[in-house]
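Coordinate-derived values only; no laboratory data. The structure displayed is predicted, hence computed values, not measured ones. Counting neighbours? That spans all protein chains shown, and the Cβs are built from the backbone with ideal geometry, glycine included.
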Amino acid sequence: MRPLNILMLTSSYPKWAGEATAPFIEEIAAGLVQRGHTIHVVLPYHPELRRNAVERGVVLHPFRYAPHPALNVWGYAAALKADVGLKGAALAAAPLALMASLAALMRQISQQSRSFDLVHAHWVLPNGLPALIAARLAHLPLVVSLHGSDVYLAEKAAALSVTAAAIFRGSGGITACSADLHQRALRLGAPVERTRTVPYGVDSAAFRPDPATARQIRVDLGLPFDAPLVVSVSRLVYKKGLTYLIEAFAQVVSQHPNAILVIGGYGDLRDELERQVQERGLSASVRFPGQLSREDSAALIGAADVHVVPSIRDQNGNMDGLPNVLLEGMSAARPIVASRLAGIPDVIRDGEHGILVPERDPQSITAAIIRLLDDRPLAKRLGANARQRVLEELTWDVAALRFEQVYQQALEQHDA
């Protein structure tokens with residue numbers, strides 16, 4: 001494919017190199033740069049944003065929108081409280097951020113030195129609308145990528161459903177990170193012929209088996225080398241299902257008393273989860289190291305004897321599209337226990353790449369963890385199969401190639 005000049009709009013991006021907010025957006029952009037394309041990313045300002053103007057070949061254009069610091073809550077996983085409801089400040093910031101994002105897009109399009117080939121919006125809500133307007137004004141094709149929470153929001157209110165449907169009709173290409181998300185988009189009005197499933201990828205060099213680092217992690221945690229280590233890494237919000245993992249782990253330690261559970265990440269539910277651990281009498285067995293860099297996350301996942309992704313559909317119906325951390329565990333050749341939910345069965349076949357369990361089922365999680373701790377040959381085989389699948393189908397280069405195919409379709413339709 002000829003090199004393209006692409007203008008992206010996102011509401012989340014890693015705030016500094018290696019930070020864990022929406023790393024998939026950076027990887028998509030950087031993967032396309034590696035394939036010879038020029039990528040300009042328009043993104044909202046954040047007080048903690050520490051990025052150079054150009055990193056990994058991606059040109060970043062932060063825009064300001066908040067007249068008061070209290071309104072700097074747009075994007076970066078800050079707008080939703082535990083991912084189940086919009087924060088009041090985010091509602092107040094919404095019209096400001098939407099208008100500012102449109103203005104930022106038009107500023108880039110108006111630059112005489114640039115001639116963009118298309119506009120690519122991440123999250124149909126909120127970013128699809130300003131991206132659609134900018135694309136129409138500039139007579140450019142639009143591609144929209146769905147990541148999970150945007151489709152959830154569209155499903156919750158008639159006005160948002162209508163808005164999403166209008167954006168879909170105006171898009172030359174639509175991508176969903178999982179088959180489940182794909183089908184939900186179709187029900188919202190996405191045209192069948194323009195909608196594709198494009199799974200996320202993973203950096204197989206960063207997330208890889210590394211026994212020396214795994215040993216060092218145990219030293220850093222003060223663990224005996226024979227203590228079973230169970231790991232889960234995510235934002236601490238309801239849809240990650242961590243309350244069910246903690247409940248399950250209470251039974252795991254009854255058979256493996258020296259087992260340790262490490263839950264890495266940050267979020268609104270940390271205090272609630274720590275109280276649950278204390279009430280269960282697990283304070284000596286569960287660790288919360290807090291927010292992790294990508295490097296630290298890779299090291300922790302790589303040290304796991306079992307890697308657990310206990311995703312659920314939360315109380316409001318929100319759920320992950322395809323958890324990045326699942327692919328990271330696969331790439332690190334870890335034995336995985338994960339929920340049979342959303343995009344997870346797209347990449348893990350039960351008994352071949354990991355063990356799938358029903359959501360919200362602590363007993364099944366317990367049984368699967370204990371099975372993998374007790375049957376090390378099985379654990380090793382599942383981990384090896386998972387990494388092989390990543391290397392064959394789920395790298396970021398493969399994802400970039402699939403995005404190119406969507407771009408080509410959108411350009412052809414626009415030129416027709």
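Under the criterion of Cα pairs below 8 Å and six or more residues apart, the relative contact order for region 211-393 equals 24 percent. Cα centroids of region 38-68 and region 300-331: 28 Å apart. Amide H to amide H distances under 5 Å link residue 339 with 309, 311, 357, where only residues 5 or more positions off or on other chains count and H is placed in the peptide plane.
Other residues with beta-carbon under 15 Å from the beta-carbon of residue 133 carry, at +1 per Lys or Arg and -1 per Asp or Glu, a net charge of +3.
Annotation for region 1-107: trypsin sites (Lys or Arg not before Pro) lying in DSSP loop with at most 11 further Cβ atoms inside 10 Å of their Cβ are 50.
With a simple spin-label model that places each label point 7 Å from the Cα along the Cα-to-Cβ direction, the separation between residue 155 and residue 408 comes to 3.2 nm. Between the helical axis of 179-188 and the longest alpha-carbon principal axis of the chain there is an angle of about 40 degrees.
Mean projected area of the Cα convex hull of region 140-234, taken over all directions, amounts to 9.4 nm². For residue 156, the aspartates and glutamates whose Cα falls under 17 Å of its own Cα, not counting residues fewer than eight places away in the same chain, are 83, 180, 314, 320. Largest GNM mean-square fluctuation among 319, 330, 99, using the chain with Cα springs under 10 Å: 99. The 3J(HN,Hα) values that the Karplus relation (6.51, -1.76, 1.60; θ = phi - 60°) gives for region 233-241 are, in residue order, 10, 5, 5, 8, 9, 4, 5, 7, x Hz. Gly and Pro appear as x. Against the chain, whose longest principal axis comes from its Cα atoms, helix 158-169 is set at around 70 degrees.
Can you give me the Cα centroid spacing of region 343-416 and region 103-152 in angstrom? Result: 30 Å between the Cα centres.
Here region 211-393 is treated as a Stokes sphere of Kirkwood radius computed over C-alpha pairs; at 4 °C and 1.567 mPa s its diffusion coefficient rounds to 81 µm²/s. Taking the chain as a Gaussian network of alpha-carbon nodes connected by springs under 10 Å, the highest mean-square fluctuation of the residues 165, 53, 379 belongs to 53. Across 11, 115, 101, mean-square fluctuation computed from a Gaussian network of the chain (C-alpha pairs under 10 Å connected) peaks at 115. Size of the chain from its Cα atoms: along the principal axes, largest to smallest, the extents are 65, 44, 40 Å.
The label point for residue 216 and the one for residue 45, both projected 7 Å from the Cα toward the Cβ, are 3.8 nm apart. Backbone N atoms of region 354-391 closer than 11 Å to the 7 Å Cα→Cβ label point of residue 255 belong to residues 364-375.
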